[in-house]
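First the structure, in the form of structure tokens, and then the observations on it.
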Amino acid sequence: MIKIKNNKPIFIFLAVCGLLLFLHGIRVLRPVENFLISLVRPLSSRLYNWGTAVSHSYGADQDIASLQSQVDKLAGEVALLTVANSRCLEIDNENKKLRDILVFKNSSNFRLLLASVIAKEASIEDSRDLIINRGREDGLSVGLGVISESGEIVGKIVEVKDNMSKICLTTSPNCQFAASVQNQSRTQGITDGDLGLTIKMTYIPQLEKISPNDLIITSGLGEMIPRGLVIGKVTQVKNESNEVWQAATIEPLTNFDNLTIVSVVIP
Amino acid sequence: MLKRIWPFIFIFLFFSCAVWLQVSLIFAWPSFFNQINLVLIVLIFTLFFFDFYSALQAIIVSGFWLDLYSFNFFGFYLIIFFLTILLADWILRSWLTNRSLYSFLLLIILSTLSYNLIINTFWYFYSGNLVGFFLWQVDFWRAVLWQIAWGALAALLMFNLVGFVARRFQPFFLKKQ
């Protein structure tokens, strides 16, 4: 049994804590909490940016040869993408004309809300959920998708406070998305984070053909997340003949350690 | 009047800064560096260098701020830190009777271990994910080891720094009489 010589400080501490919990529970403290958070948000955002800058420079120590090979590889991809982009622009123009002719309404009715990442939350798994400076007061709710500056989906909102929200990243365990492969058959599946590093897409039927470098996008079957947002690229396919389903390992296109500004997709 | 309030103002500002640095700056650093548990280190330092009462005041400030940032139930960090400091205080008064660097190092190590055990136990039951107990996971022990390493380094630095300023601590090597 732990004996405490002078009990008075403990009783005062327990009384103060009890009072704080009670006032929080009956929501009397909420205006104070919101005021304190809004007061500290700019500082938190600045500190987080410094932290990610350190993280980025720490990971940037690569030898010149590997950087050069990456540059060469990317230059090749840029050339291919330029050609593909040009074809897409032509198809887009044609699409617009056809829609005008048929008087089709534009189906993308979502808007974006910019948010800054102000902190990471420690959790039991190594997922490090992000905290952004937007919340219920800005019209956010649980389940909304979050995209990076390049338009790739990076996570979704899992919890909301008045002026803060928590995002689980696509690489976080238990952060699932309804996804499809951008191939001819539009193979459907569910993505889930794997150890905070990569994404796994499971429940892919054995008969479906998927290959490394296939793009994975959101299928739109999730309630609040629109179709067509890029989740990542397939790096490995696990296909065993005695299994009912096959699985794919997906790598996100964005480095999540450098996320400082994100956008919430509001349908 | 100001003389009586001043220590609390100092504790409020100091520990608020520690929490902001922990949550926004340190957690954004890459793996290994983001295992610095700054709030726990300064709490133990307050307990060791000052007294239990000051540590309790510090818990209220740091626990409150961490609960604001956290999406666990309000009071989560208040309870965790209270239990950790309670245990640390008992260790300090029962076993570590002198205020030497050895005592400080041992206190930091034991407190870091107990903090991680307490907080992960809470998370294990609170999250509802009762598969894979944290004690059997390598990641847990690796994180604890890194936190202990950083805590020990911080203890060495702080002890020597304060040793220049105050005479509250015994020298590292006890002199023969």
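Derivation of every value follows stated rules applied to the coordinates shown; laboratory data play no part. All figures in this text were calculated on a predicted structure; none of them were measured in a lab. For neighbour counting, all protein chains shown are included, and Cβ atoms are generated from backbone atoms with ideal geometry for every residue, glycine included.
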Q) Say R0 is 56 Å: what FRET efficiency, to the nearest 0.05, do B:Tyr53 and A:Leu102 get from their beta-carbon distance? A) 0.15
(Q) Run the simple label-point estimate for A:Leu14 and A:Leu253 please: 7 Å along Cα→C-beta, distance reported in nm. (A) 5.8 nm
(Q) Under 13 Å between alpha carbons, and skipping anything fewer than 8 positions from A:Lys166 in its own chain: which aspartates and glutamates qualify? (A) A:Glu121, A:Asp129
Q) Taking H as built 1.01 Å from N, whose amide H comes closer than 5 Å to the amide H of A:Gly232, not counting residues under 5 places away? A) A:Ile216
Q | Debye, to nearest 20: dipole size of the protein assembly as shown, +1 on Lys, Arg Cβ, -1 on Asp, Glu Cβ | A | 1920 debye
Q. Running Debye on segment A:145-248 with equal point scatterers at the Cα sites and no solvent, what base-10 log of I(q)/I(0) appears at q = 0.14, 0.22 Å⁻¹?
A. -0.52, -1.17
Q: List the residues whose amide H sits under 5 Å from the amide H of A:Gly222, counting only those 5 or more places along or on another chain, with H placed 1.01 Å from N in the peptide plane.
A: A:Ala178
Q. Summing +1 for each Lys or Arg and -1 for each Asp or Glu, what net charge is found among the other residues whose Cβ lies under 13 Å from the Cβ of A:Asn183?
A. +1
Q: Kindly give the semi-axes, whole Å and largest first, of the ellipsoid equivalent to the protein assembly as shown, taking each as the square root of 5 times a Cα gyration tensor eigenvalue.
A: 48, 25, 21
Q.
How far apart, in nanometres, would the label points at A:Ala178 and A:Ile190 be if each is projected 7 angstrom from Cα along the Cα-to-Cβ direction?
A. 1.2 nm
(Q) Let me check I've understood the local charge: for A:Val16, count other residues with C-beta under 15 angstrom from its C-beta, Lys and Arg +1, Asp and Glu -1. What total comes out? (A) 0
Q: For segment B:2-164, take the alpha-carbon Rg, divide it by the Kirkwood Rh, and send me Rg/Rh.
A: 0.96
Q: Of the listed pairs A:Lys96/A:Lys156; A:Lys73/A:Lys233; A:Lys161/A:Lys233, which have alpha-carbon separations greater than 24 Å here?
A: A:Lys96/A:Lys156; A:Lys161/A:Lys233
Q | Dipole magnitude of chain B, debye to nearest 20 (Cβ charges: Lys/Arg +1, Asp/Glu -1, about Cα centre) | A | 740 debye
Q: Give me the net charge of B:Ser70's neighbourhood, meaning all other residues with Cβ under 13 Å from the Cβ of B:Ser70; Lys, Arg count +1, Asp, Glu -1.
A: -2
Q: Only helical DSSP H runs with n ≥ 4 go in: add -39500 (n - 2.57) per run for the protein assembly as shown, normalise by residue count and round the 222 nm mean residue ellipticity to 500 deg cm²/dmol.
A: -16500 deg cm²/dmol
Q.
Sort A:16-26, A:226-236, B:76-86 by the packing proxy (mean of other Cβ within 10 Å over each peptide's residues), most packed first.
A. B:76-86, A:226-236, A:16-26
Q | Distance between modelled label sites at A:Leu81 and B:Leu21, nm, 7 Å Cα→Cβ extension | A | 4.0 nm
